[in-house]
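Student: Attaching a single structure in C-alpha coordinates format; questions to follow.
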Amino acid sequence: MGIIALMNYIKNLNAGVKYMLIASFTFAIMGAFAKLASPTIPSLEVVFFRNLAGVIIVGIAILKAPMKHIGGKPYLLFFRGFIGFIALLAFFYNIAHISLGDAMTYSKTSPIFTAVFAYLFLHEKLSFKGWLAIFVGFIGILFITQPSDLGFSKYDLLGIFSGVGAALAYTSVRELKSYYDTRAIVLSFMMTGTLGPFVLFIVSPYVEINDLDFIFSKFVMPEGIIWLYLLLMGVFATISQLLMTKAYGEAKAGIVGAVSYSNIFFSIIVGVLLGDMLPSLSTTFGIVLIILAGIMVAKAK
(Lines give C-alpha, C1' and ligand atoms only; values in the text may rest on other atoms or scores of the structure.)
Protein backbone atom coordinates (compact mmCIF):
# COMPACT_ATOMS: atom_id res chain seq x y z
CA MET A 1 0.00 0.00 0.00
CA GLY A 2 2.85 2.38 0.87
CA ILE A 3 4.46 1.99 -2.57
CA ILE A 4 1.12 2.46 -4.35
CA ALA A 5 0.40 5.59 -2.30
CA LEU A 6 3.85 6.95 -3.14
CA MET A 7 3.36 6.27 -6.86
CA ASN A 8 -0.04 8.02 -6.78
CA TYR A 9 1.50 10.97 -4.94
CA ILE A 10 4.26 11.29 -7.55
CA LYS A 11 1.70 10.96 -10.36
CA ASN A 12 -0.29 13.88 -8.97
CA LEU A 13 2.71 16.18 -8.56
CA ASN A 14 2.92 19.35 -10.63
CA ALA A 15 4.72 18.70 -13.95
CA GLY A 16 7.36 21.32 -13.18
CA VAL A 17 8.10 19.67 -9.82
CA LYS A 18 8.42 16.26 -11.51
CA TYR A 19 10.80 17.61 -14.14
CA MET A 20 12.98 19.29 -11.51
CA LEU A 21 13.10 16.18 -9.31
CA ILE A 22 14.26 14.09 -12.26
CA ALA A 23 16.68 16.85 -13.33
CA SER A 24 18.16 16.94 -9.82
CA PHE A 25 18.63 13.17 -9.88
CA THR A 26 20.23 13.14 -13.34
CA PHE A 27 22.54 16.00 -12.31
CA ALA A 28 23.69 13.90 -9.34
CA ILE A 29 24.36 11.01 -11.74
CA MET A 30 26.35 13.41 -13.95
CA GLY A 31 28.44 14.28 -10.88
CA ALA A 32 28.96 10.58 -10.18
CA PHE A 33 30.43 9.93 -13.64
CA ALA A 34 32.64 13.02 -13.29
CA LYS A 35 33.88 11.65 -9.97
CA LEU A 36 34.54 8.21 -11.49
CA ALA A 37 36.62 9.76 -14.29
CA SER A 38 38.56 12.15 -12.01
CA PRO A 39 41.10 9.70 -10.49
CA THR A 40 42.42 9.00 -14.00
CA ILE A 41 42.21 12.40 -15.71
CA PRO A 42 42.48 15.93 -14.24
CA SER A 43 39.34 17.94 -13.45
CA LEU A 44 40.36 20.50 -16.10
CA GLU A 45 40.02 17.74 -18.68
CA VAL A 46 36.64 16.67 -17.29
CA VAL A 47 35.45 20.26 -17.75
CA PHE A 48 36.82 20.25 -21.31
CA PHE A 49 34.86 17.16 -22.36
CA ARG A 50 31.75 18.36 -20.49
CA ASN A 51 31.70 21.61 -22.47
CA LEU A 52 32.77 20.06 -25.76
CA ALA A 53 29.58 17.99 -25.71
CA GLY A 54 27.58 21.16 -25.05
CA VAL A 55 29.21 23.07 -27.92
CA ILE A 56 28.30 20.28 -30.34
CA ILE A 57 24.67 20.14 -29.15
CA VAL A 58 24.16 23.93 -29.15
CA GLY A 59 26.01 24.24 -32.48
CA ILE A 60 23.63 21.78 -34.13
CA ALA A 61 20.66 23.72 -32.73
CA ILE A 62 22.03 26.99 -34.16
CA LEU A 63 22.58 25.41 -37.59
CA LYS A 64 18.94 24.31 -37.64
CA ALA A 65 17.61 27.68 -36.47
CA PRO A 66 20.03 30.67 -36.74
CA MET A 67 20.23 33.05 -33.79
CA LYS A 68 18.40 36.38 -33.79
CA HIS A 69 19.40 39.10 -31.34
CA ILE A 70 20.43 42.76 -31.18
CA GLY A 71 23.75 42.20 -29.35
CA GLY A 72 25.75 45.11 -28.01
CA LYS A 73 27.20 43.66 -24.79
CA PRO A 74 30.29 41.68 -25.94
CA TYR A 75 32.34 42.28 -22.79
CA LEU A 76 29.53 41.18 -20.50
CA LEU A 77 28.95 38.16 -22.73
CA PHE A 78 32.63 37.24 -22.40
CA PHE A 79 32.49 37.81 -18.64
CA ARG A 80 29.53 35.43 -18.37
CA GLY A 81 31.46 32.73 -20.20
CA PHE A 82 34.73 33.29 -18.35
CA ILE A 83 33.39 33.45 -14.78
CA GLY A 84 31.09 30.49 -15.45
CA PHE A 85 34.07 28.48 -16.72
CA ILE A 86 36.24 29.26 -13.66
CA ALA A 87 33.36 28.42 -11.32
CA LEU A 88 32.86 25.12 -13.15
CA LEU A 89 36.58 24.34 -12.77
CA ALA A 90 36.28 24.82 -9.00
CA PHE A 91 33.11 22.71 -8.89
CA PHE A 92 34.56 19.73 -10.78
CA TYR A 93 37.83 19.94 -8.83
CA ASN A 94 35.87 19.61 -5.61
CA ILE A 95 33.85 16.71 -7.02
CA ALA A 96 37.18 14.92 -7.51
CA HIS A 97 38.53 15.66 -4.02
CA ILE A 98 35.63 15.91 -1.54
CA SER A 99 32.30 14.14 -1.12
CA LEU A 100 29.79 14.59 -3.94
CA GLY A 101 27.16 15.89 -1.51
CA ASP A 102 29.47 18.61 -0.15
CA ALA A 103 30.54 19.68 -3.66
CA MET A 104 26.90 19.96 -4.75
CA THR A 105 25.95 21.84 -1.57
CA TYR A 106 28.62 24.47 -2.19
CA SER A 107 27.37 24.94 -5.77
CA LYS A 108 23.80 25.34 -4.49
CA THR A 109 24.82 28.43 -2.52
CA SER A 110 24.65 30.34 -5.83
CA PRO A 111 21.01 31.54 -5.36
CA ILE A 112 22.04 33.14 -2.06
CA PHE A 113 24.92 35.02 -3.69
CA THR A 114 22.77 35.80 -6.75
CA ALA A 115 20.32 37.66 -4.50
CA VAL A 116 23.21 39.77 -3.15
CA PHE A 117 24.67 40.52 -6.59
CA ALA A 118 21.24 41.34 -8.07
CA TYR A 119 20.79 43.84 -5.23
CA LEU A 120 24.26 45.37 -5.74
CA PHE A 121 24.52 45.43 -9.54
CA LEU A 122 20.95 45.28 -10.88
CA HIS A 123 19.39 47.30 -8.04
CA GLU A 124 16.74 44.65 -7.38
CA LYS A 125 14.90 45.15 -4.12
CA LEU A 126 15.56 42.67 -1.33
CA SER A 127 13.02 42.28 1.46
CA PHE A 128 13.75 41.61 5.12
CA LYS A 129 13.03 37.91 4.47
CA GLY A 130 15.57 37.99 1.64
CA TRP A 131 18.28 39.43 3.89
CA LEU A 132 17.37 36.92 6.60
CA ALA A 133 17.75 34.11 4.04
CA ILE A 134 21.22 35.37 3.11
CA PHE A 135 22.22 35.47 6.79
CA VAL A 136 20.94 31.91 7.33
CA GLY A 137 22.84 30.77 4.22
CA PHE A 138 26.12 32.24 5.44
CA ILE A 139 25.69 30.56 8.83
CA GLY A 140 25.13 27.29 6.94
CA ILE A 141 28.38 27.81 5.02
CA LEU A 142 30.25 28.31 8.31
CA PHE A 143 28.86 25.03 9.69
CA ILE A 144 30.02 23.14 6.59
CA THR A 145 33.46 24.75 6.32
CA GLN A 146 34.17 24.86 10.08
CA PRO A 147 37.14 27.25 9.64
CA SER A 148 40.08 26.64 11.99
CA ASP A 149 42.74 29.05 13.25
CA LEU A 150 44.35 28.65 9.84
CA GLY A 151 41.16 29.79 8.11
CA PHE A 152 39.33 28.00 5.30
CA SER A 153 40.75 24.97 3.52
CA LYS A 154 41.49 25.03 -0.20
CA TYR A 155 38.39 22.93 -0.90
CA ASP A 156 36.22 25.26 1.20
CA LEU A 157 37.47 28.31 -0.72
CA LEU A 158 36.95 26.60 -4.10
CA GLY A 159 33.52 25.42 -2.99
CA ILE A 160 32.46 28.91 -1.95
CA PHE A 161 33.88 30.31 -5.19
CA SER A 162 31.89 27.76 -7.24
CA GLY A 163 28.76 29.31 -5.71
CA VAL A 164 29.96 32.91 -6.04
CA GLY A 165 31.15 32.42 -9.64
CA ALA A 166 27.91 30.75 -10.68
CA ALA A 167 25.97 33.59 -9.02
CA LEU A 168 27.94 36.21 -10.97
CA ALA A 169 27.27 34.26 -14.17
CA TYR A 170 23.52 34.01 -13.43
CA THR A 171 23.36 37.72 -12.56
CA SER A 172 24.99 38.64 -15.87
CA VAL A 173 22.48 36.42 -17.71
CA ARG A 174 19.63 38.56 -16.35
CA GLU A 175 21.15 41.53 -18.17
CA LEU A 176 22.27 39.64 -21.28
CA LYS A 177 18.90 38.00 -22.05
CA SER A 178 17.60 41.39 -23.23
CA TYR A 179 20.36 41.58 -25.86
CA TYR A 180 21.20 38.03 -26.94
CA ASP A 181 19.58 34.79 -28.03
CA THR A 182 19.63 32.32 -25.11
CA ARG A 183 21.79 29.98 -27.19
CA ALA A 184 24.40 32.71 -27.63
CA ILE A 185 24.60 33.13 -23.85
CA VAL A 186 24.93 29.38 -23.33
CA LEU A 187 27.47 29.12 -26.14
CA SER A 188 29.64 31.86 -24.60
CA PHE A 189 29.98 29.62 -21.57
CA MET A 190 30.46 26.37 -23.50
CA MET A 191 33.01 27.85 -25.91
CA THR A 192 35.04 29.39 -23.08
CA GLY A 193 34.85 26.07 -21.25
CA THR A 194 36.23 24.31 -24.33
CA LEU A 195 38.87 26.78 -25.57
CA GLY A 196 39.99 27.74 -22.04
CA PRO A 197 41.17 24.21 -21.10
CA PHE A 198 42.81 23.84 -24.52
CA VAL A 199 44.95 26.95 -23.85
CA LEU A 200 45.67 25.87 -20.26
CA PHE A 201 46.84 22.44 -21.43
CA ILE A 202 49.43 24.19 -23.63
CA VAL A 203 50.57 26.53 -20.83
CA SER A 204 50.53 24.00 -17.96
CA PRO A 205 53.94 22.33 -18.64
CA TYR A 206 55.59 25.69 -17.99
CA VAL A 207 53.74 26.42 -14.73
CA GLU A 208 54.68 24.93 -11.36
CA ILE A 209 52.15 26.19 -8.81
CA ASN A 210 50.69 23.33 -6.76
CA ASP A 211 47.89 25.42 -5.26
CA LEU A 212 46.60 26.18 -8.78
CA ASP A 213 46.40 22.56 -9.91
CA PHE A 214 42.66 23.01 -10.47
CA ILE A 215 43.57 25.41 -13.30
CA PHE A 216 46.89 24.08 -14.62
CA SER A 217 47.22 20.38 -15.48
CA LYS A 218 48.59 18.25 -18.29
CA PHE A 219 46.30 16.53 -20.76
CA VAL A 220 45.93 12.79 -20.21
CA MET A 221 44.47 10.73 -23.03
CA PRO A 222 41.40 8.89 -21.67
CA GLU A 223 41.49 5.12 -22.04
CA GLY A 224 39.00 2.27 -21.88
CA ILE A 225 35.99 2.80 -19.61
CA ILE A 226 36.95 6.44 -18.94
CA TRP A 227 35.59 7.29 -22.40
CA LEU A 228 32.26 5.76 -21.35
CA TYR A 229 32.24 7.78 -18.11
CA LEU A 230 32.85 10.99 -20.06
CA LEU A 231 30.17 10.15 -22.60
CA LEU A 232 27.60 9.36 -19.90
CA MET A 233 28.58 12.50 -18.00
CA GLY A 234 27.78 14.58 -21.08
CA VAL A 235 24.52 12.72 -21.73
CA PHE A 236 23.22 13.11 -18.16
CA ALA A 237 24.33 16.76 -18.01
CA THR A 238 22.37 17.47 -21.21
CA ILE A 239 19.31 15.58 -19.96
CA SER A 240 19.45 17.50 -16.69
CA GLN A 241 19.71 20.84 -18.48
CA LEU A 242 16.74 20.05 -20.73
CA LEU A 243 14.60 18.90 -17.80
CA MET A 244 15.48 22.00 -15.78
CA THR A 245 14.42 24.19 -18.70
CA LYS A 246 11.10 22.31 -18.98
CA ALA A 247 10.60 22.55 -15.20
CA TYR A 248 10.86 26.35 -15.21
CA GLY A 249 8.38 26.43 -18.09
CA GLU A 250 5.80 24.36 -16.20
CA ALA A 251 5.79 25.91 -12.71
CA LYS A 252 6.64 29.09 -10.84
CA ALA A 253 10.37 29.79 -10.53
CA GLY A 254 10.15 29.93 -6.72
CA ILE A 255 8.62 26.46 -6.49
CA VAL A 256 11.02 24.91 -9.00
CA GLY A 257 14.00 26.63 -7.38
CA ALA A 258 13.06 25.19 -4.00
CA VAL A 259 12.62 21.68 -5.42
CA SER A 260 16.06 21.91 -7.10
CA TYR A 261 17.65 21.51 -3.65
CA SER A 262 16.66 17.84 -3.82
CA ASN A 263 19.88 17.59 -5.84
CA ILE A 264 21.84 17.74 -2.58
CA PHE A 265 19.93 14.75 -1.17
CA PHE A 266 20.41 12.73 -4.36
CA SER A 267 24.11 13.66 -4.47
CA ILE A 268 24.68 12.52 -0.89
CA ILE A 269 23.03 9.15 -1.62
CA VAL A 270 24.92 8.66 -4.90
CA GLY A 271 28.16 9.77 -3.24
CA VAL A 272 27.76 7.24 -0.42
CA LEU A 273 27.23 4.51 -3.02
CA LEU A 274 30.55 5.57 -4.55
CA GLY A 275 32.32 5.38 -1.19
CA ASP A 276 31.81 8.84 0.33
CA MET A 277 31.32 9.11 4.09
CA LEU A 278 27.95 10.27 5.39
CA PRO A 279 28.07 13.97 6.35
CA SER A 280 28.84 14.76 10.00
CA LEU A 281 26.20 16.27 12.29
CA SER A 282 27.70 19.74 11.89
CA THR A 283 27.88 19.42 8.09
CA THR A 284 24.31 18.10 7.96
CA PHE A 285 23.09 21.09 9.96
CA GLY A 286 24.95 23.41 7.57
CA ILE A 287 23.39 21.67 4.56
CA VAL A 288 19.91 22.07 6.10
CA LEU A 289 20.54 25.79 6.68
CA ILE A 290 21.70 26.31 3.08
CA ILE A 291 18.65 24.47 1.73
CA LEU A 292 16.42 26.56 4.03
CA ALA A 293 18.12 29.76 2.87
CA GLY A 294 17.71 28.80 -0.78
CA ILE A 295 14.01 28.10 -0.30
CA MET A 296 13.60 31.40 1.57
CA VAL A 297 15.28 33.28 -1.30
CA ALA A 298 13.03 31.51 -3.81
CA LYS A 299 9.92 32.46 -1.81
CA ALA A 300 11.13 36.03 -1.39
CA LYS A 301 11.38 36.29 -5.19
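Student: What number goes with the only condition from (1) in a helix (DSSP H, G or I); (2) in contact (Cβ under 8 Å) with a residue 60 or more places away in the chain that Gly72 does not pass?
Tutor: (1)
Student: Another one. Does region 177-193 contain at least one residue that is more than 22 Å from Ile57 (Cα to Cα) and part of a helix (DSSP H, G or I)?
Tutor: Scanning region 177-193, I find no residue that is more than 22 Å from Ile57 (Cα to Cα) and part of a helix (DSSP H, G or I), so the answer is no.
Student: Quick one: in region 226-272, of everything that is in a helix (DSSP H, G or I) and among the aromatic types (Phe, Trp, Tyr), which residue is surrounded by the fewest Cβ atoms within 10 Å (Cβ to Cβ)?
Tutor: Only one residue fits best here, namely Trp227.
Student: Filter region 21-31 down to the residues that are surrounded by 22 or more Cβ atoms within 10 Å (Cβ to Cβ) and either at positive phi or touching a Leu at 6+ places or on another chain (Cβ under 6 Å) (or both) and list them by number.
Tutor: Ala23, Gly31
Student: Determine which single condition Asp102 fails, assuming it passes every other condition in (1) surrounded by fewer than 22 Cβ atoms within 10 Å (Cβ to Cβ); (2) closer than 19 Å to Gly271 by Cβ; (3) not polar (S, T, N, Q).
Tutor: It fails just one condition, (1).
Student: So, one more: Would you confirm whether any residue within region 106-115 is part of a helix (DSSP H, G or I), aliphatic (A, V, I, L, M) and buried (at least 17 other Cβ atoms within 10 Å of the Cβ)?
Tutor: So far as region 106-115 goes, yes, one or more of its residues are part of a helix (DSSP H, G or I), aliphatic (A, V, I, L, M) and buried (at least 17 other Cβ atoms within 10 Å of the Cβ).
Student: Can you tell me which residues in region 143-171 are of a type in the set (A, V, I, L, M), modelled with pLDDT under 90 and either more than 25 Å from Phe78 (Cβ to Cβ) or loosely packed, with under 14 Cβ neighbours inside 10 Å (or both)?
Tutor: Residue satisfying the conditions is Leu150 alone.
Student: Right, something else. Any idea how many residues of region 125-148 are more than 24 Å from Met104 (Cβ to Cβ), in contact (Cβ under 8 Å) with a residue 12 or more places away in the chain and not in a helix (DSSP H, G or I)?
Tutor: Counting residues in region 125-148 that are more than 24 Å from Met104 (Cβ to Cβ), in contact (Cβ under 8 Å) with a residue 12 or more places away in the chain and not in a helix (DSSP H, G or I) gives 2.
Student: Let me ask you something else. Residues Leu292, Leu200, Leu230: which one is over 18 Å from Phe91 (Cβ atoms) and either of a type outside the set (Lys, Arg) or under 17 Å from the mean Cα position of the chain (by Cα) (or both)?
Tutor: Only one candidate qualifies: Leu292.
The values are calculated or read from the model by the stated rules, or taken from the named source; none is laboratory data. Being a predicted model, the structure only gives us computed values, none of them experimental. Because the Cβ atoms are built from the backbone with ideal geometry, glycine has one as well, and the counts that use them run over all protein chains shown.
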